[in-house]
Structure formats: C-alpha cells, structure tokens
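See structure below.
What follows is calculated from the coordinates using simple rules that are stated; it is not laboratory data. All figures in this text were calculated on a predicted structure; none of them were measured in a lab. Counting neighbours? That spans all protein chains shown, and the Cβs are built from the backbone with ideal geometry, glycine included.
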Amino acid sequence: MSIVRYLTHPQVQIDPAVPVPQWGLSPVGRARTEALASTDRLARTTQIIASGERKAIETAEIIAARLGVMIEIREAMHENDRSATGFLKPAEFEAVADQFFAAPELSVRGWERAVDAQVRIVREAEAVLARNRPGDVLFVGHGAVGTLLFCHIAGQAIDRRYDQPAGGGHVFAFARETGEILHGWRRLEEMAL
C-alpha cells in the first residue's frame, strides 16, 4: 500500500510588513521539521510536492535533503487567497477563517471562496496521484487547503471541525489505492505511519 501524506508547514516567522506567501519558517518551525526529517517515518517517500509559498518550500527542502528526493513545486497548491485582507491579527483572522469554512460558497471579505480553493487543491492532488509512481507521496502545504482536501477525500462537507489544530505542522494520511483515510490530523511529531 502506498501512503499519501499531506503535511502543513509548521510555525512561521510572522512579519506584517511582508506578504504572507513570502513568510519563512521560524526557528521553532525549522527545528520541528528537522526533527521529523531525522527520523525514518518518511523513508518510503519518493515524491515531495510543495506549494510555491516560501514556508512550504522550506519545509519540503529540509525533508527532501534528508531523503535525497527532488521537490516538485506546484504553484496552484497555495493557501486560500487572502490577499484582499492581507495580514490580520490572530483573533480577527480566526473569526474570518470561521466564516470562510461556514459559508464555503461565499467570498468572505474578498477571500477566495472555500469551494473554489477546494476544487483547486483537489485538482492538484489528483494530477500528481494520476501519475501512479511507486512509493509514498508527501504533499507539503497549508492548513485551510489541506482541510479542504481532507474533507473531499473523507467525503465530508466543508466544515472547520475538520481543520488542523492551531500551530501548523500537522499531517493526515490516506491510502493512495483506495482513498481510505489512515489517520486525521496529527502533530508531525506523532506521525506513526
């Protein structure tokens, strides 16, 4: 059985003066990723597919260097487009994110609609998996679109109750051949499969 994992980048260096897609990993996020890369948990991974956002690329690079695997960057795997609001303070961001998931067919404050982001991330994942290459696949991306992908694979309606816990650096896994969810969101330190 081939395992497909979707890993969200861990903690980032927040800088309101820098566009969010250009944020990099914080020292904590980098250390968490390096700790994962030093284990054998991803040893069967033959493909690493990353969003084009800096934090996802940095996460993927750390893991790819350990495994000796090339990274494929797919720009359309980016997080839901929130450029209409730019940086939001945490409490305001959480409130808008709640609305994003609660009303998936509406654009909340100019954000990309959840239904559109879901179509985009599912299309990207399916294009990669259609190649049917041997080995496990690791997607490295973001919380909101990762949750939208999870909902699709699990056959669930878009709902924030399926969102990763706060903080980033979580992973879910499914069987490539059957689409069966092997486990929901887990901290990357708790990834067993």
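Compute the helix-to-body angle for 114-129: its Cα long axis versus the longest principal axis of the chain, expressed 0 to 90° and rounded to tens.
Value to nearest ten degrees: 10.
Below 14 angstrom from the Cβ of F174, what's the summed charge of the other residues (Lys, Arg +1; Asp, Glu -1)?
On the way: positive: R5, R176, R186; negative: E126, D136, E177, E180.
Summing Lys and Arg as +1 and Asp and Glu as -1 gives -1.
Roughly how tilted is helix 143-154, in degrees to the nearest 10 and between 0 and 90, from the longest Cα axis of the chain?
70 degrees
Dipole of segment 3-190, Cα-centred, from +1 at each Lys and Arg C-beta and -1 at each Asp and Glu C-beta, to the nearest 20 debye?
Taking the Cα centre of segment 3-190 as origin, the dipole is about 280 debye.
Which of A17, A166, A84 ends up with the largest GNM mean-square fluctuation for the chain, with Cα atoms connected below 10 Å?
Among A17, A166, A84, the largest GNM mean-square fluctuation belongs to A17.
Report, for segment 3-190, the % of DSSP beta bridges that are antiparallel, rounded to 5.
Looking only at bridges with both residues in segment 3-190, the antiparallel portion is about 45 percent.
Kindly provide the helix-only [θ] at 222 nm of the chain, computed as the sum of -39,500 (n - 2.57) over DSSP H runs of four or more divided by all residues, to the nearest 500 deg cm²/dmol?
Here the helix-only value at 222 nm equals -11000 deg cm²/dmol.
Could you work out the local net charge near E79, counting Lys and Arg as +1, Asp and Glu as -1, over the other residues with Cβ closer than 10 Å to its Cβ?
-1
Using only the alpha carbon atoms of the chain, find the Kirkwood hydrodynamic radius as the inverse mean reciprocal pair distance, in angstroms to one decimal.
Value: 16.6 Å, from the Cα pair sum.
Select from R123, R44, R161 the residue whose mean-square fluctuation is largest in a Gaussian network model of the chain (Cα-Cα springs shorter than 10 Å).
The residue that fluctuates most here is R161.
I want to verify a result. In a Gaussian network model of the chain, Cα cutoff 10 Å, which of these has the top mean-square fluctuation: E75, E53, E92?
Answer for the Gaussian network model of the chain: E92.
Sorted by average packing, counted as other Cβ atoms within 10 angstrom per residue and highest first, what order do 105-116, 126-137, 168-179 take? Please list the in-between numbers first.
Numbers: 105-116: 16.3, 126-137: 12.9, 168-179: 19.2.
Per-residue mean Cβ counts within 10 Å order the peptides as 168-179, 105-116, 126-137.
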